[in-house]
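Single-structure report; data block below.
The values are calculated or read from the model by the stated rules, or taken from the named source; none is laboratory data. Quick caveat, the model's predicted, so the values are computed rather than measured. Backbone-built Cβ (ideal geometry, glycine too); neighbour counts: all protein chains shown. Remember, those area values only see protein heavy atoms, side chains included, never the ligands or the DNA or RNA. Shrake-Rupley method; radii C 1.70, N 1.55, O 1.52, S 1.80 Å.
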Amino acid sequence: MTIRVLIADDQQLVRTGFQMILDAQPDMEVVAAVADGAEAVSEARRLRPDVCLLDIRMPKLDGIEVTRALAGPGVENPMRVVIVTTFDLDEYVYGALRAGALGFLLKDSGPTLLIEAVKAAAGGDSLVSPSVTVRLLQHLAQPKRRVATPLNDPLTDRELDVVRLVARGRTNQEVAGELFVSLSTVKTHLGSIQGKLRVRNRVEIAAWAWESGVVS
């Protein structure tokens, strides 16, 4: 199945470069490449791409506003968003992930990570640049944690195993390998975990794990 991608970046050189990389993949197709946030929202809603690649700083609407409009809380049938930017400032990272983004990449991450991030997002998974991941986890691991709200339906021991690995950045395939279970079993656990925690994606699972002290 071909992964349909929308690119939104105010720099034409970046849009062209990303499009060349992704269109060269046998299983990917760029269906739109736009220069501002308002057009990104309009085209994404019209075309319903599998993945939206968004810059942070764009005219009219920035990447976080676009993410919130396409994938934020309360959005029916949220889209899969990956933020790709030159800026790795903390407020951008946290703002984008909390707004509903599945991934966060720096533009100098290289074509391999870009392709992997698109594939991960298309499958409902997430990929965050390694340098960003370290700082994100350090931030979430700060001592000033919120008090965890007791769960109506507590996680099982095996679900907690999955949560701990997700919080350390493992992919579904890596989780399956470390726990000696099938990929479909991991996905079943993740679905159950999301329902119990009332979160939408693995990034929010990881945030819950660090903030509640399940991972330290």
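Observations, loosely collected:
- Selection from the range 179-216 of residues that are small (G, A, S) and outside any helix (DSSP H, G or I): S182, G213, S216
Here's the yes/no breakdown for (1) open to solvent by less than 40 Å² (accessible area, probe 1.4 Å); (2) in contact with a Lys or Arg (Cβ under 7 Å, 6 or more places away or on another chain):
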site	(1), (2)
L6	yes, no
Q11	no, no
A24	no, no
E29	no, yes
E39	no, no
S42	no, no
R46	no, no
P49	yes, yes
L53	yes, no
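- Tally, over the range 49-76, of residues that are under 18 Å from A33 (Cα atoms), modelled with pLDDT of 90 or more and of a type in the set (K, R): 1
- Across the range 174-216, the number of residues qualifying as within 27 Å of Y94 (Cβ to Cβ), without any contact (Cβ under 8 Å) to a residue 12 or more places away in the chain and of a type in the set (S, T, N, Q) comes to 1.
- Residue satisfying all of: in the range 55-98; hydroxyl-bearing (S, T, Y) and within 25 Å of T16 (Cα to Cα); surrounded by the most Cβ atoms within 10 Å (Cβ to Cβ) among these: T67
- Among the residues examined, A40 does not qualify as within 13 Å of R4 (Cα to Cα) and out of contact with any Pro (no Cβ under 6 Å at 6 or more places or on another chain).
- Pairs, first part of a loop (DSSP other than H, G, I, E, B) in the range 41-53, second surrounded by fewer than 23 Cβ atoms within 10 Å (Cβ to Cβ), C-beta under 6 Å, six or more apart: P49/R4; P49/V31; D50/I3; D50/R4; D50/A122
- Filtered residues of the range 161-216 (kept if hydrophobic (A, V, I, L, M, F, W, C) and open to solvent by 50 Å² or more (accessible area, probe 1.4 Å)): F180, L183
- Considering residues of the range 143-160 that are β-branched (V, I, T) and at pLDDT below 90 only, the residue most open to solvent (accessible area, probe 1.4 Å): V147
- Checked across the range 16-36, the condition of being in contact with a Leu (Cβ under 7 Å, 6 or more places away or on another chain), closer than 20 Å to G124 by Cβ and part of a loop (DSSP other than H, G, I, E, B) holds for no residue.
- Boolean, G17 is more than 30 Å from I205 (Cα to Cα) and modelled with pLDDT under 95: yes
The rows are residues; the columns are (1) assigned to a helix (DSSP H, G or I); (2) out of contact with any strand residue (DSSP E or B) (no Cβ under 9 Å at 6 or more places or on another chain).
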{"site": "V66", "(1), (2)": "yes, no"}
{"site": "P73", "(1), (2)": "no, yes"}
{"site": "E76", "(1), (2)": "no, yes"}
{"site": "V84", "(1), (2)": "no, no"}
{"site": "V93", "(1), (2)": "yes, no"}
{"site": "D108", "(1), (2)": "yes, yes"}
{"site": "T112", "(1), (2)": "yes, yes"}
{"site": "I115", "(1), (2)": "yes, no"}
